[in-house]
Each structure stands twice: as C-alpha cells, then as structure tokens.
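What follows is calculated from the coordinates using simple rules that are stated; it is not laboratory data. Because the structure is predicted, anything quoted here is derived from the model rather than measured. Virtual Cβ from ideal backbone geometry, glycine too; neighbours counted across all protein chains shown.
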Amino acid sequence: MVHAIERAAAVAGSLKETYITAYRWMLLARISEEKYASLYRGGKIHGSVFLGKGQEALSVSIAMNLRKGDIFAPLIRDQAGRLAFAETLLDSTRAYLGSRQGPMRGRDGNVHRGRPREGYFAMISHLGAMIPAVAGALLARRMKGIEGTVGVASIGEGGTSTGAFHEGVNLAAVERLPLVIVIANNQYAYSTPASKQFACRNLADKAAGYGIEGLSCDGTDLAACLETLQKAVTRAREGGGTQMVFASLLRLAGHGEHDDALYVDAGLKRTPLGRDCLERAECALLDRLGTAPKQITAWRAEAVRQVEEAVSAVQHEAAPNPDEEDWCALSSRYLIDGFTC
Amino acid sequence: MSITYLEAIREAQAKALADDPRVFIYGQDVGDFGGAFKATKNLAAEFPGRVLDSPLSEDAIIGAAIGAAIEGMRPIVEMQYADFSTVGFNQIVNHAATLFWRTETPCPITIRLPSGGTKGSGPFHSQNMEALYAHYPGLIVMTPATVEDAYSMLLEAVAIDDPVIFCEHKYLYYHLKAEGLPLEAEPVGKACIARPGRDVTVVAYSAMVHEALEMARELATEGTEVEVVDLRSVKPLDTDTVLASVARTGRLLAVGEAFPWGGVTAEVVARVATAGFGLLDVPPQRLNARDTPVPFHPNLWGTHRPTARAMAIAVRELLRL
C-alpha cells in the first residue's frame, strides 16, 4: 500500500514543507499543553486543563487547509489547530493563566477562548452549539455575496449525540453551506465509550443520512489527515456543499488533567488507534522525508523556548481586578438594569 | 387607517429590512408562507433572499443567527411560538447572552416570541417566557402592550447591539388596533403610566395591561382610582417609575400572566420592598397565573390567567388592608 505521504506528494510538490510546518505546530501544541498541565499540577491554573494529546495531527490539518478569512470553531482538543489557524501562544497562555490581558480577560478561561470577529470562534461548553453558529456565519457571507470562504467546526463522537449537532449539520446540508464538520472519534466522551454514543456500524455512515459527503481517515497519521482535510475543504470551497470528516484515534490523556482516565480500555492503547500521531509524524520525518535527528531536536528546543517565553511573560501580567471589572454584560450600556439588590 | 398589533410587527420588520441591508429574517414558515401568524406576510417577495425559511430546528435557528451576527448582520428570528424557544434555550442563554461579555463581540439578534395564552391553545402554545430570559445577564427582554410599542420597540430591538427577546402577545395580535404607526416613541427601558390614579398602583406588562385597564375602568365607577403602570420592557425594568407611582398611592399589586413562582411580579415586589418599603401603606401583593400548565379549555384557561375580574377582587382586598 502506498503511504499517504507519497500519494499526496503526487499532487502537491510542496508537501514536505507542509508536513514539516504541520509537525512543528503539533510539537508546539504538545509542548505548550504539557507546560499547562504542569502549571495545573503546581496549582498555578484555576479550573481545568484539557489536553489534545493524540489529536494534534487532525487538529493541525484543519488549520493547514484554511486561509485568512475562513472560519474555525475549535473544540477542547484543538490546541494545534488554534495555534496554526490564528492564535498566538501568548493569548492561549493568557486564557489558561487568567490574565487580564488578551481577549478573554479572566472572564472565561482554558479552551473557551477565541476572537470571533476574526473568524476564530470561542466555543461554549455545550457540545454541538458551535455548528449552527458557523453555519449562520456562512449563511451571512452568502447573503453578503462573499464567496470562496469555508467554515470548519470541530467535534468529537460524543458531541454527535446532541440535538444541536443534528440541527446544525442538517441546516448546513439543507442550505449547502461550505461547512466542514470534523469529527474526532477518540473513543471516549469523558468516561463514556463510543459504543454508548452511536449504534451505526460506522460513525461515517451518518453523513449519508444528511445527504452530505463523508470522508474518513486515520487520525493518527498526519499525512492522511492533511490529505483528507484538503479534499474536504477544497470540495466545500468549490461549491460542493457541506462535508463531514471522520477521524479515528484515541484520546491519549484524561478528559481533563483532573481525570486519571483509568476507565480507558488498556487493550485499545495497543491497537493502531492508540498510536501517538506526534511520534508517527516524527518517524515519518526521519525515515521518509530525510529530516536529520538534530533538526528535530532543534525544533523541539525552539518550541520549548517559545512556550517558556510566553508563560514567563504572562506570569508577569496582572490578574483581573474585581474593583476594575465593569460587570456589564451588555454592549448597550445605557440599557443596563441598574437596580442592585 | 387602523392598524393591528400584528400588522405593526409586520410593518416594523418591513421598515427594518428596507432601512438596513444587514437585517434579515429567519425562522419556520416565515418565507413565502408569511409565518404561522402572517407576521412576515409578503416580506419574502418584497425583500428577495432576505426572508429565509429554516428547518424545524430552534437551536440551529438561534445558533445561525448568532453566527450571522458575528459576521455583522442583524438577524430577526421568529420562534413560531414562544414555547418552542426552549429548544433554542441553550443558544439564547449560554451563547448569545454570554458572547459580548466573554469576547467583546456584540450579538445584535432579535428573537421574536409569539407569547401568551389564547383560547384553546393549551400547554404548549400559550407560555410566557419573559421571566426565564430576564433571569440571564446579557439579554434585553421587551414586552410591548400597545400597537405603537410593538412597532417602535421592535425597530429599537433590531437597532440594539445586544440580543433582544421580543415577547409579542398573541392575544393582542388581532384584538388591538391603533389609528396609525407612531412617529416617535419612549425609549426602551422607560415604563409608562397607562392610566393615572391615586388609590392603588397596578404594575402590569403585555396583555395584562389591558386587563388592568379594564379593571381600572370598572373600579372607577365605584370611586376607586387605579394607576396602571405598563412596564414596556421587563429587562431593563424601570424601577423608578414604579416607585414614583407607589409613592403616590401607597399600595401595590403586580400582575403577570406567567407562572407564579418567582418571575417579573416577584421582582417588582422585591424591588419596591427593598427601595420603597416606607412608601407602602400595606403589604404589596402579586397576581399571576396558576401554578399548573396552561389549560386547553376556555373555561379553565379563563381562570388560569389573571383577568380584569380577578384583578378587581385583588384590588378591592388591597384597599381593605
């Protein structure tokens, strides 16, 4: 079987460059999240930390296929895609550490962050809710006569069980919107196994029910993810309507860092699903793309340096001050209900 | 030319569409069909591509409106009945209402809720949702009681940069008529004195204003002067106008068509007790619907909701205290 790298290389000359860029974002995501986890364990982060470990290949492949002006609604395991799409390490770190600077200003934290007006949507915790929001943004663009832009909404197999997922996907399908729904089947929604989420033989069978295109890939294989997302995003961009991408992989962390994930079937970790996409990408770089081990070491060191620099900078930023907070949930300040009991 | 409450809502939407290219309408059956109540009659033909039929998906309708608002549009969405907005509740209270505070991105969406009871409508086509939405920070909740307010407040709702829950009362759709559309209006957030009086303050909103006015006319024949305050919007709630009225009368009855636990009437009484306890000559009272689902049969429905008659009894008791 021809490896996906070679297959894709036939159509894209710059594939090696793309692969390397993607790998470096994955590396930065992994290292930044390891740092956040360590800060969490040290009591430096309020709330939770959610790792995208094992899902970096899929996540980065979304961003690698998006352009400026596209829309991305990431979910909790999309650190790689967030960084590669639009977010600075500084803003990501600010959200986790609760800095008063950056877009969230201590009002919301960890993965609930974004810059919506720049096409980088800020997820709410209720799964499926972001899908109709991206669909609506694309509907608005159609009304405004803007063509050629694409929206991507991330979700997991657990989220496919929600009503919002169904409503959003169906709406996008009916309107033939250029929306790509990327489903990471990471086998567990918190502790609930995939067998309790859906009864169809293959999750990808769902696409047919909506009358949309479904594409599947091995979520642990960066080249396969890049190739599949490229196909899906290109089809959507060229007027092919709503697309759904299904990636099989295994969540290589707990639901959050508070979770030891002892419920995960140990056998699964030894199946192909349990392979670490970052390690696989590294092997591919060394074995197939001729990257020198020294080079990888240098990239890793550079990523560590960037993360340390961001964390150190943010640790010097002030925390939000309740006395300076304006406590105003409306943009129309004149309509604030001023009565306080 | 006389115009109904429903026609005013249609005219306000036509004007909003005509005045601002960012406005569009989205909802079930709102397109060529013109809406379940015809509130969007002919708008799809007059404004091609801007009055769109949605699937039966309240969550997705609101979610899509939020996404469109992020893109700079100003969507008006119609929930076919206020009751069905519970399916879109999550998008309203967790997404639309939090967006500006979390991300500094304004969310100018108007959510029209055909609200309240009418004969024979039963538990799922009669509800009043204003208290639920007013509970959440980040939302504005309007409850127009007149043809003029239905028109001017809907236009103001579309112009506001925040999510607005527009509770339009179905009972008023055809019953209520005015001579024409208003040229100017009181701003949202200001209550008004629907009828002045010196003996007792009745605070009401939406369809209950008309029951209160009917009661006030009846009690006037007995020599009791009831002052009726129309809240107009329940969030923001114009506490000052209510307090000023209670300062004149010393007696308060707060009336709402919604269920009795908590809600707008409880909020009004709590505010007056907190900020105007000394103004009260007697304990403040509330009158709400009964604590059951809204019944289908008119005989039951007529006693489930507060009526002019029930209000008259409550006011007479209040005067005896």
- request: Provide the net charge surrounding B:Gly276, with neighbours chosen by a C-beta distance below 15 Å and charges set as Lys +1, Arg +1, Asp -1, Glu -1.
  value: -2
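Taking neighbour counts of Cβ atoms within 10 Å as a proxy for exposure, in what order, fewest first, do B:Glu179, A:Glu257 appear?
Numbers: B:Glu179 9, A:Glu257 19.
Arranged by neighbour count, lowest to highest, B:Glu179, A:Glu257 become B:Glu179, A:Glu257.
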field: Proximal lysines relative to A:Lys53, as straight alpha-carbon distance under 17 Å, when same-chain residues fewer than 8 apart are discounted
entry: A:Lys35, A:Lys269
query: Using Cα atoms only, what is the angle between the long axis of helix B:308-320 and the major principal axis of chain B, expressed in degrees (0 to 90) to the nearest 10?
result: 40 degrees
message: Could you work out the percent of alpha carbon pairs in the range B:192-320 separated by over 21 Å, rounded to a whole number?
response: 33 percent
query: In degrees from 0 to 90, rounded to the nearest 10, what is the angle of the helix B:5-19 Cα long axis to the longest principal axis of chain B?
result: 40 degrees
- prompt: Using the 10 angstrom Cβ neighbour count as an exposure proxy, how do B:Phe124, B:Phe84, A:Phe121, B:Phe277 rank, fewest first?
  reply: B:Phe277, B:Phe124, B:Phe84, A:Phe121
Percent antiparallel among DSSP beta bridges (both partners in the range B:3-178, rounded to 5): 10 percent
field: Cα-based shape type of the range B:21-71, given that a ≥ b ≥ c are square roots of the gyration tensor eigenvalues and the cut on a/c is 1.5
entry: oblate
- prompt: Once the dipole of the protein assembly as shown is set up with Lys and Arg at +1 and Asp and Glu at -1 on Cβ about the Cα centre, which of A:Ala207, A:Asn170, A:Ala153 lies farthest towards its positive end?
  reply: A:Ala207
Three-way shape label, the range B:3-178, alpha-carbon gyration tensor, a/c 1.5: rounded
- prompt: Which whole-number percent is the relative contact order of the range B:192-320 (Cα, under 8 Å, 6+ apart)?
  reply: 28 percent
query: What is the order of A:Leu335, A:Leu66, fewest Cβ neighbours within 10 Å to most?
result: A:Leu335, A:Leu66
message: Set the bar at 22 Å for Cα to Cα. Now go through B:Lys38/B:Lys190; B:Lys38/B:Lys170; A:Lys206/A:Lys231 and name every pair that lies beyond it.
response: B:Lys38/B:Lys190
- prompt: Going through the range A:163-230, which trypsin sites (Lys or Arg not before Pro) have at most 13 other Cβ atoms within 10 Å and a DSSP loop state?
  reply: A:Arg201
- request: With a/c under 1.5 counting as rounded, go ahead and sort the range A:4-291 into rounded, prolate or oblate using the C-alpha gyration tensor (a ≥ b ≥ c being the square roots of the eigenvalues; past the cut-off, prolate if a/b is larger than b/c, else oblate).
  value: rounded
- prompt: Based on Cβ point charges of +1 for Lys and Arg and -1 for Asp and Glu, what charge dipole magnitude is obtained for chain B about its Cα centre, in debye rounded to the nearest 20?
  reply: 660 debye
